[in-house]
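Notes to accompany the following structure.
The values are calculated or read from the model by the stated rules, or taken from the named source; none is laboratory data. Quick caveat, the model's predicted, so the values are computed rather than measured. All Cβ positions, glycine included, derive from the backbone under ideal geometry; neighbour counts span all protein chains shown. These accessible areas exclude ligands, DNA and RNA; they are computed on the full protein's heavy atoms, side chains included. Shrake-Rupley method; radii C 1.70, N 1.55, O 1.52, S 1.80 Å.
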Amino acid sequence: MSTVISPGKPGKRTAATAQAASPARLRKAGRRQQILACVTLLAPFTALLIAVFLVPVGYAIGLSLFGEDHKGLGFGGGTTVFTGLRSYLAVLDDPSFLSGFGVIALYVVIFVPVVVAGALALALFLDSGLVRLRRTAQMLLYLPHAVPGIIAAVIWLYLYTPGLSPVIKLLGQADVTVDFLGMHTVLPSIVNIALWSGLGYNMVIFYAALQALPREVIEAARIDGAGGLRTALMVKVPIIKGSVVMVCMFALIGALQLFTEPMLMNQATPMVNSRFTPNMYIYDAAFRRNNYGLASAASVILLIVTCALSYAVTRWTGRRERSAR
């Protein structure tokens, strides 16, 4: 007895299978294209991240675990030996390194609120429409940031130096004596240099965020009777809160990297020593004391502190946003 198979059934089964499989193939092809696009877009960033961040960090960590051992009276070349965490303990036990963080903390307390409030006020003023030559004002406010930091520090150091500064001469003619490089004024003088170059840059960030605001929200606030100041403080600022947090984080990270301004002032005033900030401590350990293990350990500790503070700021702001919702 033979079994007769209808010739139409295999064809119908094949067509149904093809129709069912085609969406799956399309989804797989779409995923492959997405993965390829992600890899293509992320490859340059990943390569730069590895080359300029991960490799130097790994090298610094490795260097911090070794030191030079000099036998006898210390004459001749030393031998590289594994020291473990000895360099980290030496850094954490050094009062000059810890005092550098104290200087940074005081600098942050002065600099961050002033630069954020000042840049935000300038951006709100430009966005209010009260300024006619808006683009010219933006360019003039941003221009100090285009000046390299070391040149800006040299210019201000000239204005701070007694006997050279025309500002001090003018104040002296008015019987006003100001020592910009004194014990209680040297840190505000450093803050002033950072403000001069940082206000315009952060103002541009805030102004770009304000320009992206939906104009119907602003118009609705004005229709409800809100004046210009109330609209700025109660409507505009809360909407661009993300930009405010970002600027605060950048200012905090920049404060931890403070180096150029106090390094130049070190040559002009005894109030700024060679280990005034953590970065100056690292420079002194590496290039004046030739202790690369100690400098690497201090660099790793500074990196950990920076990452921890950045993480704390982002978690705190994220928690506040969730609670506000």
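Details
- On a per residue basis, the stretch 95-324 carries 54 Å² of accessible surface, using protein heavy atoms and a 1.4 Å probe.
- Annotation: peptides 126-138, 249-261, 299-311, ranked by per-residue average of other Cβ atoms within 10 Å with the highest first, follow the order 249-261, 299-311, 126-138.
- Degrees, to the nearest 10: 149-160 long Cα axis against longest axis of the chain: 30
- Helix 292-324 axis versus longest C-alpha principal axis of the chain: approximately 60°, rounded to the nearest ten.
- Remark on residue 66: its backbone amide H falls under 5 Å from those of 83, a criterion applied only to residues 5 or more positions apart or on other chains, H modelled at 1.01 Å from N.
- Cβ-based charge dipole, the chain, positive-most Cα from 105, 48, 204: 48
- Peptides 277-288, 44-55 ranked from most to least packed give 277-288, 44-55, packing being the mean of other C-beta atoms within 10 angstrom over each peptide's residues.
- The phi torsions of the stretch 178-195, fed into the Karplus equation with coefficients 6.51, -1.76 and 1.60 and a -60° offset, translate into couplings of 10, 9, 5, 10, x, 5, 9, 10, 5, 5, x, 5, 5, 4, 4, 5, 5, 5 Hz, rounded to whole numbers, with Gly and Pro shown as x.
- Using the Karplus relation 6.51 cos²θ - 1.76 cosθ + 1.60 with θ = phi - 60°, the per-residue 3J(HN,Hα) values for the stretch 206-217 come to 5, 5, 5, 5, 5, 5, 8, 5, x, 5, 5, 5 Hz, with x marking Gly and Pro.
- Shown are 82, 66, whose ranking by accessible area with a 1.4 Å probe and every protein chain present, most to least, is 82, 66.
- Residue 33/residue 305 FRET efficiency (R0 51 Å; Cβ-Cβ; nearest 0.05): 0.75
- Expressed as a whole percent, the accessible surface of the chain that belongs to carbon and sulfur atoms is 68, based on a 1.4 Å probe.
- Charge tally in the Cβ shell below 13 Å around residue 263, where Lys, Arg are +1 and Asp, Glu are -1, residue 263 excluded: 0
- Projected label distance in nm at residue 175 and residue 121, using a 7 Å step from Cα toward the beta-carbon: 3.1
- Highest mean packing comes first when the peptides 143-153, 166-176 are listed by Cβ atoms within 10 Å, giving 143-153, 166-176.
- Compared with the dominant principal axis of the Cα atoms in the chain, helix 8-49 is inclined by about 10°.
- Cβ-placed point charges (K, R +1; D, E -1), dipole of the chain about Cα centre in debye, nearest 20: 2280
- Cα gyration tensor shape of the stretch 95-324, rounded if a/c is under 1.5, else prolate or oblate by comparing a/b with b/c: oblate
- Computed over the stretch 95-324: relative contact order in percent, which uses C-alpha pairs under 8 Å that are six or more apart: 28
- Top positive-direction residue, dipole computed over the chain with Cβ charges, set 164, 123, 257: 123
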